[in-house]
Amino acid sequence: MWRKFSTSEFGTAKRTKSRHGIAVVAVAVLWIASVDLCAREGSKDWIVLENCRLIVNPANDGDSFHASAGEKEYLFRLYMVDAPETDEIKPGRLVEQAKYFAITVPQAIEVGRAAKEFTREKLSEPFTVFTRMSDAMGSSNLERVYAFVQTKDGDLGEQLVRNGFARNHGRKAAPPGLKDSRSEIEKLQQFEGAARQEKIGGWGVDAERLNVRAQKPASFSVFVPGKSARPHAAPLANSPASISAMPAPTSSIATTKPSETKRSHAKEMPGLGKIDINTATEKELTTVPGIGHVMAARIIAARPFHSADDLKRVSGIGDKKYMLIRPYFQ
């Protein structure tokens, strides 16, 4: 049976259909916007990138660097730590960092460059990245995201702070395996206090201890997936990086391991009684804890010495420093 539609009925039907179409479009727009917002704010789950490699880039510094995971390039910024700038591009930030370490701006740049070298050394071997792809902003064309980075010695941020190359500062996040960031903040603050007390890294610039490593062994965190995460095998060194998503954990299961006691190649410890005071090069002299390039130059300028006991006559070597460095000389 056919029904005859009046003009008014047809118009009403048309308006109803139109409103329905508008509603569908509105829902689609809202859905797309929510997806885009989630992408900008990052995933709620930790994404684990294994077997990552450092990419050499002039913009790399102590707490921010380019890395590859398989064939994809990323730009990571460490959570919760801040290393000084390596140049004067951001003068305001540099002044604030210098003030925090109680040093001059040129010294802060020196610390920043030392932090960059420290990170380069630590990332010379494959490493693991935990990220939620949260935007860390920055001036690079490549989007920078926050991350926790784990080397063979443990968390990179903790290592930077413990050796005086960074401070506990910046974006906070509960590390993988922890419910909140409180315990990690406390640990970073303890490491910062220890570095300050030992006067190493940025805390030891005036004492010429910029490149002196932490004297006391420390346990750096090794963050692990939650129990509900699917296990995945680490790829071989020459295979593409393994990528997996790790659900947010419900309990704290972070573990720690002792750091290796081997010192950095940049400051290898000489054997006791091995160095000849009259023939040692500047490079050899600077391997002695407490002797920087300035002090090494003073020692060389003061030659010849009757014996290493005469080190006391070198400007800047008092009783305390003499007791520290004398055992390394013949």
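The values are calculated or read from the model by the stated rules, or taken from the named source; none is laboratory data. Model, not experiment: these values are computed from the prediction. FYI the Cβ positions are ideal-geometry reconstructions off the backbone, even for glycines, and counts take in every protein chain you see.
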query: Can you tell me which residues in region 249-291 are in a loop (DSSP other than H, G, I, E, B), surrounded by 13 or more Cβ atoms within 10 Å (Cβ to Cβ) and at pLDDT 85 or above?
result: ILE277, ASN278, ALA280, THR286, THR287, VAL288, ILE291
task: Please go through region 104-139 and pick out each residue that is within 23 Å of ASP153 (Cβ to Cβ), among the aliphatic types (A, V, I, L, M) and part of a helix (DSSP H, G or I).
output: VAL111, ALA114, ALA115
Unmet requirement for GLY202, which otherwise passes all of (1) among the small types (Gly, Ala, Ser); (2) farther than 26 Å from CYS52 by Cα; (3) surrounded by fewer than 22 Cβ atoms within 10 Å (Cβ to Cβ): (3)
query: Restricting the search to region 115-144, which residues are within 19 Å of HIS169 (Cβ to Cβ) and touching a Gly at 6+ places or on another chain (Cβ under 8 Å)?
result: ALA115, LYS116, PHE118, THR119, SER134, ASP135, ARG144
task: Can you work out which of the residues in region 201-219 that are more than 23 Å from THR104 (Cβ to Cβ) and of a type in the set (Gly, Ala, Ser) is modelled with the lowest pLDDT?
output: ALA218
- request: Considering every residue within region 65-87, establish whether at least one is among the basic types (Lys, Arg), under 30 Å from ASP206 (Cα atoms) and either surrounded by fewer than 17 Cβ atoms within 10 Å (Cβ to Cβ) or at pLDDT below 95 (or both).
  value: no
- prompt: Counting only residues that are of a type outside the set (D, E, K, R) and closer than 16 Å to THR128 by Cβ, which one in region 67-102 is nearest to the chain's Cα centre (by Cα)?
  reply: LEU78
